[in-house]
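Chemist: What follows is a structure written as structure tokens; I'll ask about it next.
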Amino acid sequence: MIVAALRQDLIPQVQHLMELGAPYVRVRTGSDYWLYARLFSSSCPVGLVGDQVAGAVIAFRSQDDPSDVYVQDVVTHPDHRGRGVARKLLTAVRNRATEWGCAQLYLTSEPENTAAHAAWTSMGFVNLDGDILVDEVSVTRDFKGPGKDRAVYALNLG
């Protein structure tokens, strides 16, 4: 697998991939992915197997705190799961964040997404203390707005 920056010609494949991530990942509009490819490509890697997108990560450096990088979406195509695709893509984001001098990567997931919880903790992310415990996962109420509780994870880069 080759890790490359998100390009505009890959947007249709990335959108299809994000659809496969439902119910935990929400596909965005083509214009959103166009902006990601145009303005944030260095923190939005894709995994290519041949000319097919096997996985993608959408991540952004915080403008409010440039020492943080927030990972919005992580999706691996079902045909490529269990092969380390997400780990390789998140390593690419981590390397970019380290080059920028960032201190932490953050990401969130729904409390019931046990596969995500296992993946994040296996990669060294720490489940941050929240307001409540759901099946042994700490959850912050309303993290992404009213009624949108999320488990919040951080990876210290220092």
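The values are calculated or read from the model by the stated rules, or taken from the named source; none is laboratory data. For clarity, every value in this text was computed on a predicted model and none was experimentally measured. Ideal geometry is used to build each Cβ from the backbone, glycine not excepted, and the neighbour counts take in all protein chains shown. Heavy atoms of the whole protein, side chains included, go into the accessibility calculation; ligands, DNA and RNA do not. Shrake-Rupley method; radii C 1.70, N 1.55, O 1.52, S 1.80 Å.
Chemist: Taking TYR70 as meeting all but one of (1) among the hydroxyl-bearing types (Ser, Thr, Tyr); (2) open to solvent by less than 60 Å² (accessible area, probe 1.4 Å); (3) part of a helix (DSSP H, G or I), write down the number of the exception.
Modeler: Unmet condition: (3).
Chemist: How many residues are free of Cβ contacts under 8 Å to residues at least 60 places away in the same chain, under 21 Å from ASN95 (Cβ atoms) and outside any strand (DSSP E or B) when one looks only at the stretch 108-158?
Modeler: Summing the residues that are free of Cβ contacts under 8 Å to residues at least 60 places away in the same chain, under 21 Å from ASN95 (Cβ atoms) and outside any strand (DSSP E or B) in the stretch 108-158 gives 8.
Chemist: Please determine, by comparing only the residues of the stretch 77-99 that are touching a residue at least 40 places away in the same chain (Cβ under 8 Å) and β-branched (Val, Ile, Thr), which one is farthest from LEU6 (Cα to Cα).
Modeler: THR98
Chemist: Sticking with this structure for a sec: For the stretch 73-99, which residues satisfy the criterion of being in a loop (DSSP other than H, G, I, E, B) and either on the phi > 0 side of the Ramachandran plot or open to solvent by 60 Å² or more (accessible area, probe 1.4 Å) (or both)?
Modeler: Those that are in a loop (DSSP other than H, G, I, E, B) and either on the phi > 0 side of the Ramachandran plot or open to solvent by 60 Å² or more (accessible area, probe 1.4 Å) (or both): ARG81, GLY82, ARG83, GLY84.
Chemist: Do the conditions hold for ALA4, that is, is it open to solvent by less than 60 Å² (accessible area, probe 1.4 Å) and part of a strand (DSSP E or B)?
Modeler: Yes: the conditions hold for ALA4.
Chemist: On the given criteria, is CYS102 of a type outside the set (Gly, Ala, Ser), within 23 Å of VAL126 (Cα to Cα), without any contact (Cβ under 8 Å) to a residue 40 or more places away in the chain and surrounded by 19 or more Cβ atoms within 10 Å (Cβ to Cβ)?
Modeler: no
Chemist: Kindly check whether there is at least one residue in the stretch 49-65 that is in contact (Cβ under 8 Å) with a residue 40 or more places away in the chain, open to solvent by 20 Å² or more (accessible area, probe 1.4 Å) and closer than 20 Å to GLU19 by Cβ.
Modeler: Yes; the residues of the stretch 49-65 include at least one that is in contact (Cβ under 8 Å) with a residue 40 or more places away in the chain, open to solvent by 20 Å² or more (accessible area, probe 1.4 Å) and closer than 20 Å to GLU19 by Cβ.
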